[in-house]
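> Could you have a look at this structure, given as structure tokens, before my questions?
The values are calculated or read from the model by the stated rules, or taken from the named source; none is laboratory data. Only a predicted model underlies this, so the values are computations on that prediction, with no experimental measurement involved. All Cβ positions, even for glycine, are placed from backbone atoms using ideal geometry, and neighbour counts span all protein chains on display.
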């Protein structure tokens, strides 16, 4: 089992400020999309397709190919990510059935967290490159679930349409090829790798901007279902991180990274992906924004509790 020495958590107030500064780019870009869609006619559908089918595959392949990935880390983090997703999926599916609400809107922002756009820079700030490498691997494992399980949930479950959409996803093939080229040591020409990195860097900010555009065209949903989803995403997510770390014997830095990652705000793509497949994303968009704002408090609290 690979483990790292524990890192002393920062003071609460300084870390709240640092957490806010990490969230600020997402909030500003989403706010810009929200405002501009009220001034200009912006095609939400075009933005989503450009991000999901063109820019994000570049980002994923480049990140996987250039990362310092070890097989033992991938296996351990894959097991923990699977455990967390499975528990949250079971609980959120039960809630959907009891409450009689739409699974495609409720479940994705509960089971998928923002381990990429937010988690990667956050862990680099907290623990340097060692912590960032861990969250990068965790995020790529989660991305596999987003573009397989997530698509199946959004398109209505294990049916022919969902299976076809999953297999057609450029994101899924980018992940498969990224792992294959990395572990088989298949060379990629430098000009091509530079191009992939250049294009991929545009994906996160454009995704945040697209979220704001979508919010400008939808209504916020503040109800008991939002409260339940926030409790599952942040509170139960934190407990899943604790349980998963204990089950897989994580210690020190790796334990903290997993626990905090499990309780991060909802993934931006839990709102973006439904729009890609023609599913309303009002609730998911509200979850992303509200959980991100709450993250100013919940993220440093998660670090404090994990470090304790």
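> Sort through 279, 288, 236 and tell me the only one that's in contact with a strand residue (DSSP E or B) (Cβ under 7 Å, 6 or more places away or on another chain) and either in contact (Cβ under 8 Å) with a residue 12 or more places away in the chain or assigned to a loop (DSSP other than H, G, I, E, B) (or both). Explain how you work it out, then say what you get.
Working: 279 fails: in contact with a strand residue (DSSP E or B) (Cβ under 7 Å, 6 or more places away or on another chain); 236 fails: in contact with a strand residue (DSSP E or B) (Cβ under 7 Å, 6 or more places away or on another chain).
Of 279, 288, 236, the one residue that is in contact with a strand residue (DSSP E or B) (Cβ under 7 Å, 6 or more places away or on another chain) and either in contact (Cβ under 8 Å) with a residue 12 or more places away in the chain or assigned to a loop (DSSP other than H, G, I, E, B) (or both) is 288.
> Of all residues in the range 56-85, count the ones that are modelled with pLDDT of 85 or more, surrounded by 18 or more Cβ atoms within 10 Å (Cβ to Cβ) and under 16 Å from residue 176 (Cα atoms).
Qualifying residue count, the range 56-85: 5.
> Additional query: If a residue counts only when it is modelled with pLDDT under 90, more than 24 Å from residue 176 (Cα to Cα) and touching a helix residue (DSSP H, G or I) at 6+ places or on another chain (Cβ under 6 Å), which helices (runs of 4 or more DSSP H) contained entirely in the range 91-157 have at least 2 such residues?
Passing ranges, in order: 103-111, 119-145.
> Taking into account only those residues within the range 272-303 that are within 15 Å of the chain's Cα centre (by Cα) and modelled with pLDDT under 80, which is farthest from residue 150 (Cα to Cα)?
My answer is 272.
> Can you report the number of residues in the range 268-291 which are over 16 Å from residue 232 (Cβ atoms) and surrounded by fewer than 24 Cβ atoms within 10 Å (Cβ to Cβ)? It would help to see each step written out before you state the result.
Applying the first criterion (over 16 Å from residue 232 (Cβ atoms)) to the range 268-291 yields 268-269, 271-282, 285, 289.
Now drop any that are not surrounded by fewer than 24 Cβ atoms within 10 Å (Cβ to Cβ), which leaves 276-280, 282, 289.
The qualifying residues number 7.
> Out of the residues in the range 165-178 that are under 16 Å from residue 67 (Cα atoms) and surrounded by fewer than 18 Cβ atoms within 10 Å (Cβ to Cβ), state the one that is farthest from the chain's Cα centre (by Cα).
Among those that are under 16 Å from residue 67 (Cα atoms) and surrounded by fewer than 18 Cβ atoms within 10 Å (Cβ to Cβ), it is 177.
> Hey, among 42, 35, which residue is surrounded by fewer than 21 Cβ atoms within 10 Å (Cβ to Cβ), farther than 25 Å from residue 151 by Cβ and over 19 Å from the mean Cα position of the chain (by Cα)? Reasoning before the result, please.
On the way: 42 fails: farther than 25 Å from residue 151 by Cβ.
Exactly one residue qualifies, and that residue is 35.
> Sticking with this structure for a sec: Given the criteria crowded, with 24+ Cβ neighbours inside 10 Å and within 22 Å of residue 156 (Cβ to Cβ), does residue 214 qualify?
Yes.
> Which of the residues that make up the range 237-257 are crowded, with 23+ Cβ neighbours inside 10 Å, closer than 16 Å to residue 122 by Cβ and modelled with pLDDT of 95 or more?
Residues satisfying the conditions are 237, 241.
> Identify, by number, the condition in (1) modelled with pLDDT of 85 or more; (2) under 30 Å from residue 156 (Cβ atoms); (3) assigned to a helix (DSSP H, G or I) that residue 264 doesn't meet.
Of (1) modelled with pLDDT of 85 or more; (2) under 30 Å from residue 156 (Cβ atoms); (3) assigned to a helix (DSSP H, G or I), only one is false for residue 264: (3).
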